[in-house]
Amino acid sequence: MMRHPLYGLMAEFETTDDLLNAAQRAHAAGYRRMDAFTPFPVEGLAEAIGYHKTHVPLICLVGGLIGCMGGFFLQYWPNVFGYPLNIGGKPYNSWPSFIPITFELAVLCAGLATVFGMLALNRLPTPYHPVFNAPRFELATRNRFFLCINARDSRFDAQKTREFLQSLNAREVSEIES
C-alpha cells in the first residue's frame with residue numbers, strides 16, 4: 001500500500017452544533033476514516049462519525065476466564081496429581097477451598113487484560129501524531145472543534161474533500177502532512 005503524502009484534511013469549527021452537523025454530513029457522504037477533536041465530550045459525536053462497538057468487554061471476559069481456569073488448575077494439579085495429601089478424609093479435589101484464589105486470579109487477569117487490551121486497541125502510547133502539527137490545533141483543548149478526514153479514506157480526493165469541508169461552514173481547512 002502506497003503512503004499518501006498527506007495524513008488528511010482538518011476542518012476547524014466554532015461550535016459543537018457545526019461540528020456535529022459536519023460529522024453527520026461527512027458520514028452521509030461516505031467518508032469513513034475520520035476523527036473529531038474537542039475540548040470536552042460532545043453528545044452524539046461518536047455515532048455521527050460512525051464509531052463501532054469496542055472489543056474491550058470481550059478481551060476482559062477472555063482475560064477473566066483465563067485467570068479463572070489458571071487459578072483453579074494452579075490449585076487442582078498439585079492437590080490431585082503433584083503432591084496429594086489426605087487431610088481429614090477430605091477429597092483431593094476439594095473445589096470449594098479453591099474458590100478464593102480462583103476468583104482473585106480471575107479478577108486480576110481480567111483487569112490486566114482490560115488495561116492492556118484498551119491500550120492496544122487505542123494504539124497507545126502515541127507520543128507523536130500528525131494532527132499535532134496542524135495550525136491552531138492547540139485550540140482543540142480550549143474552545144475549538146476539529147474534524148479530520150484521513151487521506152487513507154476510499155473517497156478521499158484532496159481537492160474535492162477540501163471543497164466538501166469548506167461547504168460545511170468550516171472556519172478553516174488545513175492540510176496535515178504525514
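Here are a few things to note about the model shown:
- The chain - Debye-derived log10 I(q)/I(0), Cα point model, q = 0.13, 0.14, 0.18, 0.19 Å⁻¹: -0.73, -0.80, -1.12, -1.19
- Rounded to the nearest 500, the helix-only mean residue ellipticity at 222 nm of the chain stands at -13000 deg cm²/dmol, with each DSSP H run of n ≥ 4 adding -39,500 (n - 2.57).
- From most to least packed by mean Cβ count within 10 Å, the peptides 53-64, 90-101 give 53-64, 90-101.
- Distance from the alpha carbon centroid of segment 87-113 to that of segment 135-163 works out to 52 angstrom.
- Between amide H atoms placed 1.01 Å from N, distances below 5 Å from F145 occur with F13, all of them 5 or more places distant or on a separate chain.
- Solvent-free Debye scattering, log10 I(q)/I(0), computed from the Cα coordinates of segment 76-122 at q = 0.13, 0.26, 0.27 Å⁻¹: -0.47, -0.91, -0.94
- In order along segment 107-120, phi translates into HN-Hα couplings of 5, 4, 5, 5, x, 5, 5, 5, 4, 5, x, 5, 4, 5 Hz, rounded to whole numbers, per the Karplus curve 6.51 cos²θ - 1.76 cosθ + 1.60 with θ = phi - 60° and x for Gly and Pro.
- Charge dipole of the chain (Cα centre as origin; +1 on each Lys and Arg Cβ, -1 on each Asp and Glu Cβ, all else neutral): 460 debye, rounded to the nearest 20.
- Phi angles of segment 15-32 translate, via the Karplus equation with coefficients 6.51, -1.76, 1.60 and θ = phi - 60°, into HN-Hα couplings of 10, 5, 5, 4, 5, 4, 4, 5, 5, 5, 5, 5, 5, 5, 6, x, 6, 10 Hz per residue; Gly and Pro are given as x.
- Cα pair distances in segment 51-145, grouped into 10 Å bins until the bin that holds the longest one, percent each: 14, 26, 21, 16, 11, 7, 5, 1
- For the chain, with +1 on Lys and Arg beta carbons and -1 on Asp and Glu, the positive-most of V62, N122, P84 along the dipole: P84
- Peptides ranked, highest mean first, by Cβ atoms within 10 Å: ranges 13-19, 147-153, 115-121: 147-153, 13-19, 115-121
Each reported figure results from applying straightforward, stated rules to the coordinates on display, with no laboratory input. Since the model is a prediction, treat every value here as computed from it, not as a measurement. Cβ: placed from backbone, ideal geometry, glycine included. Neighbour counts: every protein chain shown.
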